[in-house]
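What follows draws every value from the coordinates through simple rules; no lab data is involved. Nothing here was measured: the structure is a model prediction, and the numbers come from that model. Neighbour counts run over all protein chains shown; Cβ positions are idealised from the backbone, glycine included.
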Amino acid sequence: MILQALKNNKNENKKNITDGRRKSMWKEIGKRMIKDKPSLISFIFIVALILVSIFANFLIDVDLVTAQNGAERIQSPSFAHWFGTDLYGRDIFARVVYGSRVSLSIGIITVLISTSIGGLLGAVAAYFGGLLDDIIMRVTDVVLAIPEQLLAMCVVAAMGATPTSVIAALSIAVIPTRTRLVRSTVLGIVDTEYVEAARASGMGNIGIIVKEIMPNTLGPIIVVSTQGIASIMLTASSLSYLGVGIQPPTPEWGAIIFEAREFLRLAPYMCILPGLVIVVTALAFNLMGDGLRDALDPRLKD
């Protein structure tokens, strides 16, 4: 009984020390992010954009997005219509705000799916090695040989132009890169002392991968995933612009530009302003990713 109590007390002390280190680590990361002004501004912009997209119903009348008004068609930006109106008299700013729901959802959900599946495949390939590693990597090489946008176009063409098919297509295209990233990271972890200690304590392979290895790959995964959201949003918008992604009248950013392409000379604001929103959003995600990369790098401690 005494030995068991001492053992439990030792485990509890280890847990407290580990929790304290984690809290201190995240506190240090937060301080570095705050010091990096571009990353901080980008983070605030992204949070604001997400909040606006969530509460769009309360901020903007949905009739401005869907209702056609021939008397107000193709009007220049004004106080009444900040981004002007389109061919059908719909408010472009309202459509951009509502479109942020679709574009952000595609980017975030695709990153979550591709990172989860790709991360698991990469971790399994690196941990077990051998024939399983060869099979996973050769399949990954085959998929990587196909250009990402072309692969996404083929999948969307086969499944139909819906948000679900676009997310599925982009996830399939992105999974191989996530698999390679996690595999390369896990290869440097799999033979470390704490993994060997977990094996010696009798922990199963799945438990080691989930509890010991995957948490230590979060740094590069978070950075690449943050920057990947921008890339995925741009790809989704380009698919819509090419006519194989989200189709009008759904207010998706690429679809909005697709509808306005014929009026580029007559009313350039119809393309330029939504395009600027896409560019600024992608830039914000990239800058935040850069800040996270620097904050998570232990070699850059003050």
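Things to note:
- Charge tally in the Cβ shell below 13 Å around Val174, where Lys, Arg are +1 and Asp, Glu are -1, Val174 excluded: +1
- In this Cβ point-charge picture (+1 for Lys and Arg, -1 for Asp and Glu), the range 150-302 has a dipole of about 200 debye about its Cα centre.
- Reported label for calculated Rg and Dmax of the Cα atoms in Å given (i) 28.9, 116; (ii) 19.3, 59; (iii) 23.7, 86: (iii)
- Pairs of Lys residues in the chain, spaced 8 or more positions apart or belonging to different chains, with C-alpha separations under 15 angstrom: 9 in total.
- Lys/Arg +1, Asp/Glu -1 at C-beta; the chain dipole; positive extreme among Ala168, Val47, Val156: Val47
- Across the chain, the longest run free of exposed loop sites, meaning chymotrypsin sites (Phe, Trp or Tyr not before Pro) lying outside DSSP classes H, G, I, E and B with no more than 11 other Cβ atoms within 10 Å, spans 80-302.
- Largest GNM mean-square fluctuation among Arg73, Arg32, Arg95, using the chain with Cα springs under 10 Å: Arg73.
- Choice from Pro215, Pro176, Pro251 showing the highest fluctuation, given a GNM over the chain with Cα pairs closer than 10 Å: Pro215
- Other residues lying with their Cβ under 15 Å from the Cβ of Gln68 contribute a combined charge of -3, Lys and Arg counting +1, Asp and Glu -1.
- Relative contact order, percent, the chain [alpha-carbon distance under 8 Å, six or more residues apart]: 23 percent
- Centroid-to-centroid, using Cα positions, the range 120-149 and the range 181-237 are 15 Å apart.
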